[in-house]
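Here is the structure we will look at, set down as structure tokens.
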Amino acid sequence: MKRLRNVLLLALIGALALEGWLHWREHRFDAAIAQAAKRYQLEPALIRAVIRQESDFQPDVRGRAGELGLMQIREPAALEWASAEHIKKFGHADCLDPLTNVLAGTWYLKKVLRHYSQADDPLPFGLAEYNAGRGNVLKWLAGDGATNSAAFIGRIGFPGTRAYVQKIIQRYQDYRHVNPS
């Protein structure tokens with residue numbers, strides 16, 4: 001009986017430690033997310049959802065196509081952000097800094113969302129562009145899919161991009177319910 005109690009106690013301690021680690025992992029970049037959200041006028045829950053999908057909160061992750069960091073920023077987007085923000089002596093590797101990455105990624109996300117301001121909900125369009133590029137999104141804009149977000153999601157030609165958009169939207173809603181803005 002004592003052995004069972006010790007095993008259960010160790011399991012409880014392990015579960016609490018895991019919960020603490022998971023909380024820390026998802027919240028250690030809260031200051032960077034808050035700063036970017038305020039600067040570029042996007043909800044922290046959306047930025048957090050993108051980071052979760054793109055890097056699972058790993059700041060040093062590198063993608064196959066040269067993407068870097070928390071928000072998986074590619075070099076052209078990073079350089080465009082740096083130019084828009086008048087940052088001198090900027091290199092793509094600077095995106096491995098979490099604050100720089102979140103600022104650049106949030107700026108870029110805000111930029112792509114503006115492309116679809118005429119849609120009923122710009123979010124699916126902007127997320128698809130963030131993931132698959134503007135050229136692909138333009139191919140998927142047809143009929144009702146040009147302004148109706150539900151129809152657009154159905155027209156996304158890459159199953160991976162469709163899943164990406166849907167996962168981020170779901171996580172965004174989940175994060176909003178946990179920490180309403």
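Structure values in brief
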item: Placed amide H near Ile73: partners under 5 Å, 5+ positions off or other chain; result: Leu68
item: Rounded if a/c under 1.5, otherwise prolate or oblate - the range 32-112, Cα gyration tensor axes; result: oblate
item: Hits among lysines - C-alpha to C-alpha of Lys38 under 22 Å, sequence gap 8 or more where chains match; result: Lys110, Lys111
item: Rg/Rh (Cα only; Kirkwood hydrodynamic radius) as it applies to the range 30-178; result: 0.96
item: For Val61, distant residues with modelled amide H under 5 Å away; result: Gly69
item: Extension reserve of the Ala146-Ile87 stretch, reckoned as 0.36 nm per residue once the Cα distance is removed; result: 17.7 nm
item: Length-normalised contact order for the chain - Cα pairs under 8 Å, 6+ apart - percent; result: 19
item: Cα-Cα separations in the range 137-181 greater than 17 Å, expressed as whole percent; result: 41
item: Footprinting exposure proxy for Val102, Val165 (fewest neighbouring C-beta atoms within 10 Å first); result: Val165, Val102
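A short reminder: the numbers here are calculations on the coordinates, not readings from a lab. All of these numbers come straight from a predicted model, not from anything done at the bench. Don't worry about glycine lacking a Cβ; one is built from the backbone with ideal geometry, like all the others, and counts go over all protein chains shown.
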